[in-house]
Structures are given as C-alpha cells and as structure tokens.
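Read through the structure below, which is laid out as structure tokens, and then see the notes.
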Amino acid sequence: MGKWGFVGLLFLLWSLLAAAKLTDLADPPDWSRLDSFQKSISKQEFLRQLNEVYCPRKSWWSPWIEIEENRARIRKKAGSDDWYDLQFLESNESSNFSNSRFQISGSKILIDPGHIGGEFSEMEGRHFVLGDDEPVKEGDLALSVALKLKSELQKKGAIVSLSREQNQPVTQKCPQDFKELAETWFSRMEWLQKLPEEERSKRIQKRQELYFYRVSEIMARSEIIRKSQPDLVLCIHLNAAPWPDPDNKSLVTRNDYHVLVNGCYMGGEVAYDNQRFEMIWRLVNRWADKERLIAEPMSQAFSKETGLPAFAYKGPNALKIGEVEGVWARNLLANRIYEAPVVFLEPYIANSGEVYQRIQGVNSDYHDTNEGQSGKSIVQEYVDAVLLGLEQADSQK
C-alpha cells in the first residue's frame, strides 16, 4: 500500500471513530449484552413494539434499523457500517417470556423521588417563592410522598427501597467537575461566542450545573437500580405550568395529571448510539407491556382520587399509549437508563392556585395539613392514588 493509501485508510478509520455519536457523559454501548436475547422475540412483536411504543415513525428508525425476514440489523455506530444482528424467534417456537403480571406482595419496588431538593432546588429550577410564603421545592415534596408510600407498601408485603432518602445528591460529582465539558459544549455553540464575557461565564456555569443535577445525578441513581434489579421503579414528581409572565409570577388555573412510560424516541434521539441501544434493550426486555400494566390503572386511580382531568400532549415528543386517558410515552433520561420497568408520575400543577395552597401546608417533617376536595392532604392523596393504582394492577390476574 502506498503512502497516500495508508494515510487514506487512517483517515477513514479516524472518520468512523469520530462519527460515533453519544449523549453527554454516556459510555459507548456494549452491544454484546443483547446476545442473550437472540431468538427471543418474533419479527411481528419486534415491529409492534418499535412502531407502537418506541419509535412511531419509520422515517425516524429506518436509517438505523433494517428489518429482514429472520433478523433485525441495528447500526451500532453512527457513520459506520458495523451492524448488530438480532435474530428473530422462529415462528414455530414459543417465547421464553411469560405474560406480564404484577403482585404487590413480594415485589421489589424502588421509589425514585424526583430531583434533589433542599439547598439544590434553586439550581435545579424546581423552586419558586411567592411573597413571604414558604418556597415550593419539588424535590422536597417528592421525598415526602416517597417516604409515606414506602411505609404503606411495606405493610402490603412489598420489598421497598428508595433511590435517595434525604434532600442530598446521590452522585459523588459536583458542578465544578464538569467545567471542561461545559466549556467544550460552549465552544461548539457559535451563536454564543458573541456574548459578553460575563454572560458567557454564566452560561458555562449553568451548563456545569445541568450536567451535575440532571445527568450525573440520574446516572448515579441508575447504578443503584442496576444493582438492585427491582421489579418496578416509580418516579415521583409533581408537574408545573409555564408562568404567564416569568418576571411577575402569578398562579395559574390549570391543574391536571398524567402518567408516563418509556417510548417515543424521535429521529434525532435514535441517532445517538447509546439511546439507540437503550431503546432496543428496553424493547427486547418487554418492559413496555409491564409499564402499561401499571400505568393504566395508575392513571385511572389518579383520576378517581384527585378528580383532576388528564393532560394531553400535542407535540411529536410524546405518544398516546392505549385507550386510558393520561397515559403517554416519552423518552426521558430516567425512564430510559433505569434498567427496569419504569412508571413516571406527574400529577398536579404545583404553581396552580389550588395546589399551591395545599403545598403551603407541608411542613419540614414531610407531613401536611391543608386538605383538598377529597378531604385529604395533598401528600396523602398522592400516596393513596399510587396505592390504589398498584392494587388495581395487582387484581388484574
């Protein structure tokens, strides 16, 4: 091979390596993990889940997944011709996966109280104050619900753990650890280069913080989940609506709920090597059916317990799942990388007039006194809705 031929080969190899596309902080996926799923899923089932749950537009997945009669070919790395071949289950064989069922007693349930709360709530953007009232911190409220829910589920025989038990981060990292990564991100954003130095420093600082509380924190919790291997993860959150005027905050009238399962990977997301792998990993584990088994009765329970209407998405980033109102698929970091069936709860609008008054009754001991229309505190109402949803799922034999 001549000199320029060798140089050309090196350039090609470099180009393929450079083309690998990963989301920030993600490791390259280990595609060999799929080996144990060879011939475990039929072509029909693979396509059903892909099109109805995980990636509803063929134009989104077709650059990355090729469907043949006996296999799915999945591109392992953007810009390369390296594929993973997943062999389909032969039509005359039966799957090793049993029908989805759920039973509270004996189930390992991990409760994930959303966000961090405490002194980190302002950094997270999950904090607001009106006048001299107590600040609303979503992380604190989520932990309040999680602690009560853990106690009630243990009484019913469940094996319950929490991803965090205080308003402190799980990750061992701090924002400063991501300074170099934030600066690299900033350097790629050409439109930011013209900002004054002070504003540029603020943007970099915000990016460091985001890597800390939104990415590193969720990744740290995912390790807990990977090691504990729960049967179900319940992500506890409260929703919020955009402020009509961010500079002059006033409470909104909207108040609703919804329940999320994993899915609806858009084209730009499937283009990431790690997200593409994570989507396929969830698909072959059959977690979509298990999530829906919990999510649908959970949505009905929140409707009954709270009297709230179900929220409906309008954009392409969410997909309606099933016929039960309020159940949607979205691709979130937590419900993507938590290696278990994940049901993500988003009841109440924290900055609505009704909910805000109820939240003001929550004290530092994670109990509250202000009752809603149900005659219960908002924390107790939340817990009762979750319990009812799980009981209804349990009864579906």
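The values are calculated or read from the model by the stated rules, or taken from the named source; none is laboratory data. In this text the structure is predicted, and so the values were computed from the model without any measurement. With ideal geometry, Cβ positions are generated from the backbone for all residues, glycine too; neighbour counts draw on all protein chains shown.
So here's what we get for this one:
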quantity	calculated
Only one of Glu198, Glu217, Glu209 that is among the acidic types (Asp, Glu) and over 23 Å from Arg126 (Cα atoms)	Glu198
Residues satisfying the stated conditions in region 312-359, i.e. within 12 Å of the chain's Cα centre (by Cα) and of a type in the set (Val, Ile, Thr)	Ile337, Val342, Val343
Complete set of residues in region 224-245 that are in contact (Cβ under 8 Å) with a residue 60 or more places away in the chain and of a type outside the set (A, V, I, L, M)	Arg226, Ser228, Gln229, Pro230, Asp231, Cys235, His237, Asn239, Trp243
Failed condition for Lys249, given (1) at pLDDT 95 or above; (2) farther than 27 Å from Glu217 by Cα	(1)
Odd one out for Glu190 among (1) outside the structural domain of Gln229 (by TED's automatic domain parsing); (2) farther than 23 Å from Tyr338 by Cα; (3) touching a helix residue (DSSP H, G or I) at 6+ places or on another chain (Cβ under 7 Å); (4) among the acidic types (Asp, Glu)	(3)
Selected residue (criterion: modelled with the lowest pLDDT) from residues of region 343-397 that are small (Gly, Ala, Ser) and under 25 Å from Leu110 (Cα atoms)	Ser364
Answer residue from region 376-391, given it is closer than 17 Å to Asp231 by Cβ and not aliphatic (A, V, I, L, M) and is surrounded by the most Cβ atoms within 10 Å (Cβ to Cβ) among those	Gly389
Qualifying residue in region 262-284 (condition: modelled with pLDDT of 95 or more, over 25 Å from Lys77 (Cβ atoms) and not acidic (Asp, Glu))	no
Residue list for region 81-99, filter: at pLDDT 90 or above and within 29 Å of the chain's Cα centre (by Cα)	Asp82, Trp83, Tyr84, Asp85, Leu86, Gln87, Phe88
First in region 274-287 and over 17 Å from Ile67 (Cα atoms), second anywhere and at pLDDT 95 or above and of a type in the set (Phe, Trp, Tyr), Cβ under 7 Å, 6 or more apart	Gln275/Tyr265
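One line per residue, one yes/no per condition, for (1) touching a Pro at 6+ places or on another chain (Cβ under 9 Å); (2) part of a loop (DSSP other than H, G, I, E, B):
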residue: Val259; (1), (2): yes, no
residue: Met279; (1), (2): no, no
residue: Ala288; (1), (2): yes, no
residue: Glu296; (1), (2): no, no
residue: Ser299; (1), (2): no, no
residue: Lys314; (1), (2): no, yes
residue: Gly322; (1), (2): no, yes
residue: Glu325; (1), (2): yes, yes
residue: Asn335; (1), (2): no, no
